[in-house]
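Participant: Following this message is one structure expressed as structure tokens.
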Amino acid sequence: MTQSLFAITSLCCTLLFSSAVLANDAFKVCADPLHPPYSLKDGSGFENDIAAVFAKQLNLPLEFTWFPQRIGFIRNTLRAPLADNKGYKCNVVMGVPTGYDLALTTKPYYHSSYVLVIAKGRGWDDITSPSELADAAEKRLDNLKIAMFDRGPGTTWLHRNGLIDQGIPYQTMTGDNENNTAMMINKDLRAGKIDMVILWGPMAGYVLGNGGTNNYNVIPLKSNTGMKFDFSISMAVRYGDKIRKERLEKLIDENAQTIQDIIQSYHIPLLPIPKYIPRDDD
């Protein structure tokens, strides 16, 4: 009886504390300072735009903890305690793959796919599907320059279709303090250093938005057995922070159209969000 009463009391205290944090604290976002089109330190980026909508509706100030989104990002942001042990540096990551194993994820708020982006006027305007590129005559492929990353389904596709020799190598995580991967690809496409690239939807959106949508052909890659190109994206909180997760999901539902409008304004290709099945630990 005493143990049950103690458990109930502890639960009530936890709920009250969590509610107080949500009600009185800032909306603290963990973000990359140089990661267009997601986020930049000047406050731009579609994830920052969505965070601003949420903060306004919660009547909370919007605060950011900036850290490059690479290995160690979650450890140095979402899981990093403040020096006084009163909370954490930040409480929300605005975009991670649904089911991401380093954090507790919300229901997805958008679904996108890798696409093949082809610069027009380089001799490849007739390509209307990935299979046509894969089946192109070998002599024609001699002059092809297609970006190839150190990992990802695009590189797997190039391997499987015999196009790896046409690849121009790029790193997924650059470590460059002035240009992220999307920025580099945008510059090199426009300069003619590469003719085409297989990019994740938001990164493709950055290229289209900065290079001019009329200057590129965009061909979606469809998932098949053994090769997945489309993914759902969620927001993330710390494991155990279920009240904040539920509040975010309520905001996602209440602002579904606004969120879609913001993402589409960045020229990001969107697909219908598949049925969401929560994990056991959600």
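Participant: Tell me, yes or no, whether segment 34-53 has at least one residue that is of a type in the set (S, T, N, Q) and touching a residue at least 60 places away in the same chain (Cβ under 8 Å).
Facilitator: no
Participant: OK, next. Name the residues in segment 245-276 that are in contact with a strand residue (DSSP E or B) (Cβ under 8 Å, 6 or more places away or on another chain) and more than 24 Å from TYR206 (Cβ to Cβ), would you?
Facilitator: Those that are in contact with a strand residue (DSSP E or B) (Cβ under 8 Å, 6 or more places away or on another chain) and more than 24 Å from TYR206 (Cβ to Cβ): LYS245, LEU248, PRO274, TYR276.
Participant: Just checking, which of GLY211, GLY205, GLY167 is small (Gly, Ala, Ser), touching a residue at least 12 places away in the same chain (Cβ under 8 Å), in contact with a His (Cβ under 7 Å, 6 or more places away or on another chain) and on the phi < 0 side of the Ramachandran plot?
Facilitator: After applying the criteria, what remains is GLY205.
Participant: Restricting to segment 231-282, give me the number of residues that are in a loop (DSSP other than H, G, I, E, B) and under 30 Å from GLY154 (Cα atoms).
Facilitator: The first filter runs over segment 231-282 and keeps only residues in a loop (DSSP other than H, G, I, E, B), leaving 238-241, 255, 266-282.
Add one more test, that the residue is under 30 Å from GLY154 (Cα atoms), and what stays is 266-279.
Going through segment 231-282 one residue at a time, the tally reaches 14.
Participant: Do we find a residue being surrounded by 20 or more Cβ atoms within 10 Å (Cβ to Cβ), hydroxyl-bearing (Ser, Thr, Tyr), farther than 30 Å from GLY240 by Cα and touching a helix residue (DSSP H, G or I) at 6+ places or on another chain (Cβ under 7 Å) anywhere in segment 114-125?
Facilitator: yes
Participant: Does at least one position in segment 115-126 carry a residue that is free of Cβ contacts under 8 Å to residues at least 24 places away in the same chain and not in a loop (DSSP other than H, G, I, E, B)?
Facilitator: No, because not a single residue in segment 115-126 is free of Cβ contacts under 8 Å to residues at least 24 places away in the same chain and not in a loop (DSSP other than H, G, I, E, B).
Participant: Could you say whether any residue in segment 90-110 is in contact (Cβ under 8 Å) with a residue 60 or more places away in the chain, over 17 Å from the mean Cα position of the chain (by Cα) and over 30 Å from LEU271 (Cβ atoms)?
Facilitator: No, every residue in segment 90-110 fails to be in contact (Cβ under 8 Å) with a residue 60 or more places away in the chain, over 17 Å from the mean Cα position of the chain (by Cα) and over 30 Å from LEU271 (Cβ atoms).
Participant: Which of (1) over 24 Å from GLY205 (Cβ atoms); (2) crowded, with 18+ Cβ neighbours inside 10 Å; (3) not assigned by TED's automatic domain parsing to the domain that holds LYS250 does ILE74 not meet, given it meets every other one?
Facilitator: All conditions pass for ILE74, except number (3).
The values are calculated or read from the model by the stated rules, or taken from the named source; none is laboratory data. Keep in mind the model is a prediction, meaning the values are calculated, not measured. Reconstructed Cβ throughout: ideal geometry from the backbone, glycine too, with neighbour counts over all protein chains shown.
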